[in-house]
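Novice: Below is one structure. I have some questions about it.
Laboratory data are not the source of any read-out in this text; all were calculated from the coordinates shown. Predicted model only: the values in this text are computed from it and were never measured. Using ideal geometry, Cβ is built from the backbone for each residue, glycine included, and neighbour counts are taken over all protein chains shown.
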Amino acid sequence: MKEMQQPVVRSLLENDLYKFTMWQSLLHSNPGAHAEYRFVCRNAPVFPLSELKAEVDDELDRLCTMYFTQDELDYLSGLRFIKSDFVDFLTLFRFQRRFIEVRAVGETLEVVARGPLVHVMGFEIFVLYIINELYFRRLPREGVIEVARERLQAKIEELKAAVVDPLGDHDFPFVLFDFGLRRRYSATWHDEVVQRFATELPAHFRGTSNVYLAKQLGLTPSGTMAHEYLQAYQAFGFRLRDFQKAALEGWVQEYRGDLGVALTDVVGMDAFLRDFDLYFAKLFDGLRHDSGDPVVWGEKAIAHYHALRIDPARKRLVFSDSLNIPGALELYRHFKGRIQTGFGIGTDLSNDTPHEALNIVMKITACNGQPVAKLSDEPGKTLCDDQTFLAYLRQVFSH
């Protein structure tokens, strides 16, 4: 008899915080924009992902019947940066099945969301953890959680041991966030991981990107912006050279001092810093790293603050690129005393099992009928279907 499986998505609130913050900003600034998002798997799965098509379709069908409950809307209303008209929008919001298509093409699973930006942008995180959890449900389960618990315990013990000296600095504390929703092994395991960190390392574990878990466990939801927000501005009618400044200005006007960590690697750190002038450097609390050498990136950020005569010790660098605990501790010790740091750790917390994790993304590829792209400081993360536009973007930003 076939085992009955729980649906993957538990709540529309179970999304990363930065989806809600970008969603609100773009709803206010560009409500009529259209966009396209595409799913990509960057590594080799154990079996063809195309085999999951029927199950993914079923999960998306169910997702499109879900709605925000009043309790969830009340929770969002309690976040000071969420505005009442956005909550009113979410009260009426339903995902539309006609805006997302799943196809099996040979061994590849193709998922494309195409439609109004404020309707399709929300699909991304759900698609990723739906595919991820369905994939791991098919792999052998015996002993997996036991190994995962042993590894989790080792991480917690490593951090507790480090607290004795290097993490005890009140001016430059070690700060950790869970960013593991999109590639988690399962919902129940993610719950356990976050609960353990919150209980055993309360002085250093500062929250989770998973808004549903933050609500359930009384934690701080964490996140500001992602690449899609800045990339969309490439298609909003500004001169291409000015899209970063326009996106940052849009964020400043929307949040007026809240959510002040800017993402830097849409066209590379050097190009970002050319746009991140004294005005933005004073208004934003810090920067987030997501590609390239993190030490080189951090040193560039500190040098930039010094050049602008801003004390780096009053700013924060958030690292979130494929981090693990040892890597986070190494970066913390390197920058300690010069600038505040924070560490968003994802897959290494929520999916460190005997099975190799999937490296999956769902990225915006077009907006308002034209291509958009990211020129990552890490070549493997560059994603664009239009090589002509990619070459033009490189030319404009001297990448």
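Novice: Which GluC sites (Glu not before Pro) does the stretch 74-177 hold that lie in a coil by DSSP with at most 16 other beta carbons within 10 Å?
Specialist: Glu107, Glu142
Novice: Over the chain, what relative contact order in percent results from Cα pairs under 8 Å that are six or more residues apart?
Specialist: 23
Novice: Report the calculated FRET efficiency for Phe47 and Gln70 (r = Cβ-Cβ distance, R0 = 56 Å), to the nearest 0.05.
Specialist: 0.85
Novice: Okay, moving on. Among the DSSP beta bridges whose two residues both lie in the chain, what percent are antiparallel, rounded to the nearest 5?
Specialist: On the way: 22 of 40 bridges.
In the chain, DSSP labels about 55 percent of beta bridges as antiparallel.
Novice: How do Met66, Met121, Met22, Met225 line up, fewest other C-beta atoms within 10 Å first?
Specialist: Lowest count first: Met66, Met225, Met121, Met22.
Novice: Also, quick follow-up: Given 0.36 nm per residue, what is the gain on full extension from Gln387 to Val105 after removing their alpha carbon distance, in nm?
Specialist: 99.3 nm
Novice: Farthest toward the dipole's positive end in the stretch 145-350, which of Phe172, Leu240, Ala198, given Cβ charges of +1 (Lys, Arg) and -1 (Asp, Glu) about the Cα centre?
Specialist: Looking along the dipole axis, the top candidate is Leu240.
Novice: Sticking with this structure for a sec: Using alpha-carbon positions, what is the distance between the centroids of the stretch 188-211 and the stretch 124-160, in Å?
Specialist: The two parts, judged by their Cα centres, are 14 Å apart.
Novice: So for Tyr129, Tyr332, fewest C-beta neighbours within 10 Å to most, what's the order?
Specialist: Result, fewest neighbours first: Tyr332, Tyr129.
Novice: Give the long-range amide H neighbours of Ala262: residues separated by 5 or more places, or on another chain, with amide H under 5 Å away, using H modelled in the peptide plane at 1.01 Å from N.
Specialist: Result for Ala262 returns Gly286, Leu287, Arg288.
Novice: What size of dipole, in debye to the nearest 20, comes out for the chain about its Cα centre when the only charges are +1 on Lys and Arg C-beta atoms and -1 on Asp and Glu C-beta atoms? Show your work: numbers first, answer last.
Specialist: On the way: 46 positive and 55 negative charges, 143 e Å.
For this selection, approximately 680 debye.
Novice: To continue, here is another question. So what J values fall out for the stretch 34-51 if you push phi through Karplus, 6.51 cos²θ - 1.76 cosθ + 1.60 with θ = phi - 60°, rounded to Hz, Gly and Pro as x?
Specialist: Each residue's phi maps through the Karplus curve to give 10, 8, 10, 10, 10, 7, 9, 10, 8, 10, 8, x, 5, 10, x, 5, 4, 5 Hz.
Novice: Between the DSSP loop rule and a limit of at most 14 other Cβ atoms within 10 Å, which trypsin sites (Lys or Arg not before Pro) in the stretch 243-294 are left?
Specialist: Within the stretch 243-294, the qualifying trypsin sites (Lys or Arg not before Pro) (loop, at most 14 other Cβ atoms within 10 Å) are Arg256.
Novice: For labels at Arg141 and Ile310 in the simple 7 Å Cα→Cβ model, what's the distance in nm?
Specialist: Distance between label points: 4.9 nm.
Novice: Would you mind ranking Thr382, Thr108, Thr353, Thr65 by Cβ crowding within 10 Å, fewest neighbours first?
Specialist: Working: Thr382 16, Thr108 13, Thr353 20, Thr65 9.
Final ranking by Cβ density, sparse to dense: Thr65, Thr108, Thr382, Thr353.
Novice: What list of ³J(HN,Hα) couplings, whole Hz, do you get for the stretch 100-113 from phi and the Karplus terms 6.51, -1.76, 1.60, once you set θ to phi - 60° and write x for glycine and proline?
Specialist: Per residue, the Karplus-derived 3J(HN,Hα) values read 9, 10, 10, 9, 9, 10, x, 8, 8, 9, 9, 10, 10, 10 Hz.
Novice: May I pose another question? Could you point to the label whose value was computed as mean projected area of the Cα convex hull in nm² for the structure here, given (1) 23.8; (2) 18.3; (3) 19.2?
Specialist: The listed entry that was calculated here is (3).
Novice: Let me ask something else about it. So, in the stretch 145-350, how many Lys pairs have Cα atoms under 24 Å apart, if the pair is 8 or more places apart or on different chains?
Specialist: Eligible lysine pairs with Cα atoms under 24 Å apart amount to 11.
Novice: Say each of Gln153 and Phe89 gets a label point 7 Å from the Cα, pointing the same way as Cα to Cβ; how far apart are those two points in nm?
Specialist: Placing both labels 7 Å beyond Cα along the Cβ direction yields 4.7 nm.
Novice: What residues have an amide H closer than 5 Å to that of Gly207, excluding those fewer than 5 places away on the same chain, when H is modeled at 1.01 Å from N in the peptide plane?
Specialist: Long-range HN contacts for Gly207: Asp178.
Novice: Here is a further query. Starting from the amide H of Gly115, placed 1.01 Å from N in the peptide plane, find each other amide H under 5 Å away whose residue is 5 or more places distant or on another chain.
Specialist: Under 5 Å from the amide H of Gly115 lie the amide H atoms of Ala35, each far enough along the sequence or on another chain.
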